[in-house]
Amino acid sequence: RLSSAAAGERERLMATCRADTPATARTVVFLVVGWASSLALLWLGFVHDHWAPWLAWSYVVASFASAIASLMLAAPSLPKAPSPGLQALWYVCLIGWTPVLAAAWCLQDSTHKSFMTLLHRIMLGLLVTSMFALWTSATDLFGKLGVQLTIQDAPLASCAPPLFLVSCILWIGLIYNCPLPGSRELSVEQNLHPMSRVVYWILVALWLVSYIRVLTTPAGALEASRGRADAVAAWSKCTVCKLDRPQRCRHCSKCGTCVLKMDHHCPWLRRCIGHDNYKYFVVFLFYSASSLASRINLLNSVRWSSWRLRDCSSSFSLH
């Protein structure tokens, strides 16, 4: 019996190895192609100085695209990462960071200043990409904490996703509205046109009101709504609550109650989305997307205007 069990375990391990062989081959192919493209872009930047701005963006985009393609084509990292964000970070480090750091180390005593400037731009883009991958991994981790157990069994773990969301929002607002310590430059919000600033704060106020409403409005529990329906005969009985419930009423295993017209349980808001707060949830998503789009648009406009001012000042100083 022991020998047969050992033989079965051996066959299972061999089958697992044979199943992992195509995935490992895909990973090796991704690494070879990624390194070849990275070295080609670095060589073009070394030969053609005037292509440096475009090559820096192309390098960062190619590294990020390789990480996304590895997720879509099931080419895992070695060893296999526990989350997609960490797998993307693994590819960005190997395909993006490794050639750049190797080139910077080999040419640290070189007088090729334009190429070193290109490397610095690439490093800045890779740093942003790596931080985004880490933020994605943290989002996945905190999101899983909110749905593992019920709210009654794990009150602290269920509070982790909302706290993470609020911390991210506060961090974005701090970076957007406050200047850097010790810097003479104004913040993005202070550089806006007065009309743009009014529109920006109106969107922020509407977003904040919708966020508070969706947090303070219950989803619509069955206990408080049993008398709303007319056709009681068409109701069904919940196998958990042992209560009669109308159609489109489902039991939430996280909240421990039946919710009218339940859409889903949102761990980032620590409550269900149902009959009473569905409108506020949709409005919250709309104002979140609008605020984010306006911030990106205003940030690009401020950056473009600052570049134009620098060009005008440099041309004025030359004349």
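Just so it is clear, none of the values below were taken in a lab; they were calculated from the coordinates. Please read all numbers here as calculations on a predicted model, not as lab measurements. A quick note on method: Cβ atoms are made from the backbone with ideal geometry, for glycine too, and the neighbour counts reach across all protein chains shown.
Miscellaneous remarks
- A simple count of charges around Lys254, restricted to other residues whose Cβ falls under 13 Å of its Cβ and scoring Lys, Arg +1 and Asp, Glu -1, yields +3.
- For His50, net neighbour charge (Lys/Arg +1, Asp/Glu -1) across residues whose Cβ lies under 15 Å away: +1
- Shown is the FRET efficiency for Trp171 and Thr24, computed with R0 = 45 Å from the Cβ-Cβ distance and rounded to the nearest 0.05: 0.75.
- Potential lengthening between Ala205 and Ser290 on full extension [0.36 nm per residue; Cα-Cα distance subtracted]: 29.4 nm
- Phi angles across the stretch 82-89 convert, under the Karplus curve 6.51 cos²θ - 1.76 cosθ + 1.60 with θ = phi - 60°, into 3J(HN,Hα) values of x, 9, x, x, 5, 5, 4, 5 Hz, Gly and Pro given as x.
- Burial order of peptide ranges 266-274, 198-206 (average beta-carbon count within 10 Å, highest first): 266-274, 198-206
- Hull shadow area, averaged, the stretch 16-76 [alpha-carbon convex hull, nm²]: 4.1
- Approximating the spin labels as points 7 Å out from Cα along Cα→Cβ, the Ile212-to-Met195 distance works out to 3.0 nm.
- Cα gyration tensor shape of the stretch 33-150, rounded if a/c is under 1.5, else prolate or oblate by comparing a/b with b/c: prolate
- Computed lengthening from Leu101 to Leu156, 0.36 nm per intervening residue step minus Cα-Cα distance: 15.6 nm
- For Lys237, the lysines whose Cα falls under 21 Å of its own Cα, not counting residues fewer than eight places away in the same chain, are Lys254, Lys261.
- With a Förster radius of 41 Å applied to the beta-carbon distance between Met116 and Gln148, the computed FRET efficiency rounds to 0.30.
- Placing dummy labels 7 Å off each Cα toward the beta-carbon, the span from Ala138 to Ser58 is 3.4 nm.
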